[in-house]
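Visitor: Please read through the structure below; I'll follow up with questions.
The values are calculated or read from the model by the stated rules, or taken from the named source; none is laboratory data. Worth saying up front: this structure is predicted, and the values here are computed from it rather than measured. Ideal geometry is used to build each Cβ from the backbone, glycine not excepted, and the neighbour counts take in all protein chains shown. Areas reflect the complete protein model, heavy atoms only, side chains present, ligands, DNA and RNA absent. Shrake-Rupley method; radii C 1.70, N 1.55, O 1.52, S 1.80 Å.
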Amino acid sequence: MQVNGEQVKLETPVSVADYLEAHGFRAERVAIELNGEIIPREKRGDTMLDDQCVMEIVQFVQGG
Amino acid sequence: MNINPVTEASVEATPLPPQPKVVNPVGTAAPMLPVEDKPLNLGGYEFQSRFILGSGRYDLNLIKATVEHAGTQIVTMALRRAQTTENSVLDYIPEGITLLPNTSGARNAEEAVRIARLAREVCHTDFVKVEIEHETKYLLPDNAETIRATEMLAKEGFVVMPYMFPDPIAARQLEEAGAAAVMPLGSLIGSNMGLRMRDFIEIIIANAHVPVIIDAGIGRPSQACDAMEMGADAVMAYTAVASAGNIPLMAEAFKNAINAGRAAYLSGLGKVTEGQAVPSSPTTGYLH
């Protein structure tokens, strides 16, 4: 699958919530876009990732 | 003649005459409102401060002090791909501050809408500063795409604050598209060049039905004061503060300048007599 523009290998299907936790993202600080659709916080636990997914994980940074 | 000594009871029985209401001078501690000023209204949300602050390019640990010295209530930020090792800027912004995400990086209306929706998902704010640029040398905003994005986002309930090139016709079209404010550039982003677009910003201010916030290029407090004297509703600054030697102190200098300019605007500036002196002392009774 593709995460933030990079190819990553997904060993086993995991939920968005589990992926974020396993990779050290702070769930409350990021927004998730999966295949062009925003996945609301409350649906991250039920949304499964697969090899074909394109995911963007974004957060706020300093800026004007 | 009443010569009775003043007793405790008589003091209590004699109410004080009405006291003149003391108005807090501009630039001191809260309340910050100049005399009889109205709050800045952005899409129905009211703010006492007229200084919008960029959050970046300096040590995260300075953000809190800078926000406090600026007296600001609105802080901007950008949205980017997350790095797990990065600190979150949100951890450093004091409670109660309204977050204003920008859409920097967007090259057209669709990309701006995408970024705005993601920003709303992160922090549940409806505020968005639309910023659409195609190149990095001048970073000029694309007014046509900005108008399109404004219309799309306003329909989705966002409080849309578009960064724009100061074209008075585009300002009108942004209003019609549902903008909560317009944010014309004073000069190139980050250039500290000041109010180079003054003549056109004056036309925008004269005809606006929404707040006009001068964004980009304001390089020093005197320029922010100048913008407020002209009748701008607020000023946004970022580089001028971030590139200062003492960042919190410069934020405070901007706050004072913005308040001074606002008070001058509300007071009504005196008439300019071009090339003609006007005596300030009597012109009679001379000793000759």
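Visitor: Looking only at strands (runs of 3 or more DSSP E) that fall completely inside segment B:35-144, which ones have 2 or more residues that are β-branched (Val, Ile, Thr) and over 19 Å from B:Val235 (Cα atoms)? Before the answer, list the steps.
Guide: Numbers: elements: B:40-42, B:45-47, B:51-54, B:74-81, B:98-101, B:127-130.
Result: empty, no element qualifies.
Visitor: Would you confirm, using the coordinates I've provided, whether B:Leu100 is open to solvent by 20 Å² or more (accessible area, probe 1.4 Å) and within 30 Å of B:Pro248 (Cβ to Cβ)?
Guide: So B:Leu100 does not fit the description; no.
Visitor: Restricting to segment B:81-97, and then to whatever is at the interface with another protein chain (Cβ under 7 Å from one of its Cβ atoms) and either among the charged types (D, E, K, R) or more than 23 Å from the chain's Cα centre (by Cα) (or both), can you tell me which residue is surrounded by the fewest Cβ atoms within 10 Å (Cβ to Cβ)?
Guide: As a first pass, look at segment B:81-97 and keep what is at the interface with another protein chain (Cβ under 7 Å from one of its Cβ atoms): B:81-82, B:84, B:88-90.
Remaining after also requiring either among the charged types (D, E, K, R) or more than 23 Å from the chain's Cα centre (by Cα) (or both): B:81-82, B:84, B:88.
Working: B:Arg81: 14, B:Ala82: 25, B:Thr84: 12, B:Ser88: 17.
In this case the residue turns out to be B:Thr84.
Visitor: Give just the number: which of (1) part of a strand (DSSP E or B); (2) in contact with a Gly (Cβ under 6 Å, 6 or more places away or on another chain) does A:Gly64 not satisfy?
Guide: (1)
Visitor: Pairs, please: C-beta under 9 Å, at least 6 apart or cross-chain, first residue at positive phi and in segment B:180-204, second in a helix (DSSP H, G or I) and open to solvent by 60 Å² or more (accessible area, probe 1.4 Å)?
Guide: B:Gly194/B:Ser222
Visitor: Follow-up question, since we're still on this one. Pull up segment A:6-64, narrow it to residues that are within 11 Å of chain B (Cβ to nearest Cβ) and among the aromatic types (Phe, Trp, Tyr), then point me to the one that is farthest from B:Val241 (Cα to Cα).
Guide: Going through the qualifying residues, I end up with A:Phe25.
So that you can scan it fast, the table gives a plain yes or no per residue for (1) open to solvent by 30 Å² or more (accessible area, probe 1.4 Å); (2) away from chain A (no Cβ under 14 Å); (3) at pLDDT below 95:
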| site | (1), (2), (3) |
| --- | --- |
| B:Lys129 | no, no, no |
| B:Tyr138 | yes, yes, yes |
| B:Glu156 | yes, no, no |
| B:Val160 | no, yes, no |
| B:Asp167 | yes, yes, no |
| B:Ala171 | no, yes, no |
| B:Glu176 | yes, yes, no |
| B:Ile189 | yes, no, yes |
| B:Asp199 | yes, yes, no |
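Visitor: Name the residues in segment B:91-104 that are aliphatic (A, V, I, L, M) and closer than 16 Å to B:Tyr58 by Cβ, would you?
Guide: B:Ile93
Visitor: Still on this model: Can you tell me which residue is modelled with the highest pLDDT among those in segment B:62-80 that are within 12 Å of chain A (Cβ to nearest Cβ) and open to solvent by 30 Å² or more (accessible area, probe 1.4 Å)?
Guide: Within segment B:62-80, the match that is modelled with the highest pLDDT is B:Arg80.
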